[in-house]
Amino acid sequence: MKTENGWVLILTEKGKKTTKHIRALELIALSLVFSLSLCTCSTKNLVGIQKTGAIFVRSAPAGGDILLDHALIGRQTPDTIFDVAVGDHVISVTKAGYLSSPDSVKITVKEDQTDTVEFILLETDKGSLKVSSNVDGATICVDNQPIPAVTPHLFFNNVPVGTRIISAFKEGHSNGNPAKEVVSIATRDTAEVYFTLNPTEVGKTPGNITPDFILQDDYGFWHRFYAYRGFVTIINFWAEDCPNCMKELPHLQEIYTEYLSDSLIIFGINYGGNFGQEGFEVIRRVREEKGLTFTLLGGVGTNVKSDYEVTDTPVTIILDQGGKIYYYVVGFYSFLPGKLKQKLDELFGK
């Protein structure tokens with residue numbers, strides 16, 4: 001046996017060449033290889049067919065980056081992920097400046113079905129607050145500022161995180177205890193507060209409430225009196241051309257310094273004097289001359305004097321945490337500073 005031009009030659013007994021048997025064998029071999037090739041391709045195609053489903057992902061607000069099995073896929077909410085292999089998968093959403101609630105969702109994808117996954121994206125510097133009261137329709141205050149909402153109300157993820165002073169008021173009502181709550185607002189948490197309000201008459205005697213007012217201070221800020229429920233408050237009507245007023249103001253400053261840490265608020269309301277001509281220029285001058293640091297308000301051009309029925313001055317009113325009159329005095333007397341401190345000690349439990 002020898003090779004010639006790539007063929008295997010078999011020598012017969014007579015020394016003649018023959019190739020027909022070799023060619024037949026070769027054809028059989030090629031046929032087998034071709035058949036095996038077809039089988040191999042067919043097997044591959046069968047293995048490559050996967051059962052899949054889809055997942056619809058949305059968030060509030062929209063625009064969160066979608067992660068499938070902890071990997072970003074270049075899609076944002078809301079969007080549908082197609083051709084997801086059947087079985088268990090983890091979906092999550094991320095957005096700069098937000099926290100996702102829940103963190104992630106484990107979902108079982110079923111063949112030819114679309115499942116929905118929802119997320120809430122919470123701003124990292126905001127939290128939620130629920131405020132309610134025994135009487136609906138009370139104005140809600142955050143950090144002594146009235147908010148355009150009334151009880152019951154849920155502020156969802158729009159209250160700045162941190163420590164907040166929460167109170168509520170309603171015309172013709174005083175507040176039960178506690179009249180204000182100091183709460184901690186945190187992302188993902190909902191702080192809850194509840195207030196009790198009681199019908200109370202407006203008047204000038206202890207147990208009454210005084211009229212509400214909205215007045216501007218000498219720095220240009222506006223203050224609404226009822227927004228300070230929960231604080232012990234002193235209201236003092238004064239004028240520069242009132243000698244007794246000028247005597248009392250330094251004593252009020254001394255009291256303010258002593259009781260400031262106990263949550264005392266003092267509103268010194270200038271009513272304009274005998275001729276109604278005093279204004280913020282006078283208020284600023286008196287503040288500087290007397291070294292006053294409590295809130296001074298301008299009452300000129302408002303109804304505050306008539307609302308409080310002020311006919312003589314000074315008028316000094318102490319109100320308790322619920323907004324009710326605790327002590328009311330007209331004029332200034334040598335015993336008055338001591339009397340005011342006594343009343344404040346009673347209210348603060350000293």
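The values are calculated or read from the model by the stated rules, or taken from the named source; none is laboratory data. Keep in mind it's a predicted model, so treat the numbers as computed, not measured. Every residue, glycine as well, gets a Cβ built from its backbone with ideal geometry; the counts of neighbours run over all protein chains shown.
Observations, loosely collected:
- Residue in region 209-218 that is farther than 17 Å from Ile317 by Cβ and out of contact with any helix residue (DSSP H, G or I) (no Cβ under 9 Å at 6 or more places or on another chain) present: no
- All positions within region 285-303 that are surrounded by fewer than 16 Cβ atoms within 10 Å (Cβ to Cβ) and touching a Phe, Trp or Tyr at 6+ places or on another chain (Cβ under 9 Å): Thr293, Asn303
- Region 219-230, residues that are of a type in the set (D, E, K, R) and surrounded by fewer than 21 Cβ atoms within 10 Å (Cβ to Cβ): Arg224
- Those residues of region 284-329 which are of a type in the set (Val, Ile, Thr), under 17 Å from Phe225 (Cα atoms) and free of Cβ contacts under 8 Å to residues at least 60 places away in the same chain, in sequence order: Val300
- Yes/no for Asp103 being in a loop (DSSP other than H, G, I, E, B), within 26 Å of the chain's Cα centre (by Cα) and loosely packed, with under 14 Cβ neighbours inside 10 Å: yes
- Residues of region 304-317 classified as closer than 17 Å to Val202 by Cβ and crowded, with 22+ Cβ neighbours inside 10 Å, total: 2
- Taking residues in region 86-106 that are more than 30 Å from Ile49 (Cα to Cα), and partners anywhere that are of a type in the set (Lys, Arg), the pairs with Cβ atoms closer than 8 Å and at least 6 places apart or on different chains are Leu99/Arg188; Ser101/Arg188.
Yes or no, residue by residue, for (1) in a loop (DSSP other than H, G, I, E, B); (2) touching a strand residue (DSSP E or B) at 6+ places or on another chain (Cβ under 6 Å):
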{"position": "Gly207", "(1), (2)": "yes, yes"}
{"position": "Tyr219", "(1), (2)": "yes, no"}
{"position": "Ala227", "(1), (2)": "no, yes"}
{"position": "Asp241", "(1), (2)": "yes, no"}
{"position": "Met246", "(1), (2)": "no, no"}
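- Any hit, region 265-275, residues being surrounded by fewer than 17 Cβ atoms within 10 Å (Cβ to Cβ), under 23 Å from Trp222 (Cβ atoms) and modelled with pLDDT under 95: no
- Checking Lys204, Lys180 one by one, the residue that is loosely packed, with under 14 Cβ neighbours inside 10 Å and touching a residue at least 60 places away in the same chain (Cβ under 8 Å) is Lys204 and no other.
For (1) of a type in the set (Gly, Ala, Ser); (2) surrounded by 14 or more Cβ atoms within 10 Å (Cβ to Cβ); (3) farther than 27 Å from Asp136 by Cα, each residue gets a yes or a no:
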residue	(1), (2), (3)
Ser184	yes, no, no
Ala191	yes, yes, no
Pro199	no, no, no
Pro211	no, yes, no
Val232	no, yes, no
Ile235	no, yes, yes
Glu254	no, no, yes
Glu258	no, no, yes
